Amino acid sequence: MERQHIPDLRDHQPAHHPGDHLSALDGRDRLPAPDGRDHSAAVDPRPYPAVFGLRMYIPTAPPHESPARLAIPAELSAGLGYDAVGTSPEHGERIMDCLPRVGCVFADDERWWWIVPSGSHIGVTWPTSTSYAVGARLADPSWTRALLRSRSARPRLIHRPEGDSPYTPPIPLYFLTCRLAGSTPSWSLGAGI
């Protein structure tokens, strides 16, 4: 039986035509943005592998923009640094009622964010129903949603502590989130040492 020669599509380079918006002479494409502005800097110059002779470019967030950080009030002392634990709004209301002390709490349409000391995730397995944001930086997984998100949809401060500490104690918060999620608390001794 005679073997057929199958061309390797990765070696095929399409001809570039004037005005072809998929050709990248300078490593950047100019793609129309939802708001009509030029976001050429927001395009990753590294192409994905060729598929059937076409190179595809996937727009990403501009490299100079970092995820937005929750800003605690300046007069509160955050000497330990801070992270944020995200819960659903339904769980947030129940947690607020159960904890003896609550620090700064932020909320948006999807999550309540509890400020905890930095490193409160080390050696601890937070329930899957929670989100843990190191440095309280809330990354939006969708670059298009980040461009279209209005300022009013960003998390706002809904609870301010009476003292000068912005922290919600992480251990009681952890046990409450586990209980509400129906998961067994899990931690490892000596983690991070």
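Read the figures in this text as sums done on the coordinates, not as results from a lab. Please read all numbers here as calculations on a predicted model, not as lab measurements. Glycine also receives a Cβ, built like all others from the backbone with ideal geometry; neighbour counts cover every protein chain displayed.
Some notes on this structure:
- Förster radius 22 Å - calculated FRET efficiency between L80 and A139 (Cβ-Cβ, nearest 0.05): 0.50
- Förster radius 30 Å - calculated FRET efficiency between S129 and L189, Cβ distance, rounded to 0.05: 0.75
- Computed label-point distance, nm, for sites A68 and I122 using a 7 Å Cα→Cβ extension: 3.0 nm
- Taken along the Cα-to-beta-carbon direction at a fixed 7 Å, the label points for D164 and L176 span 2.5 nm.
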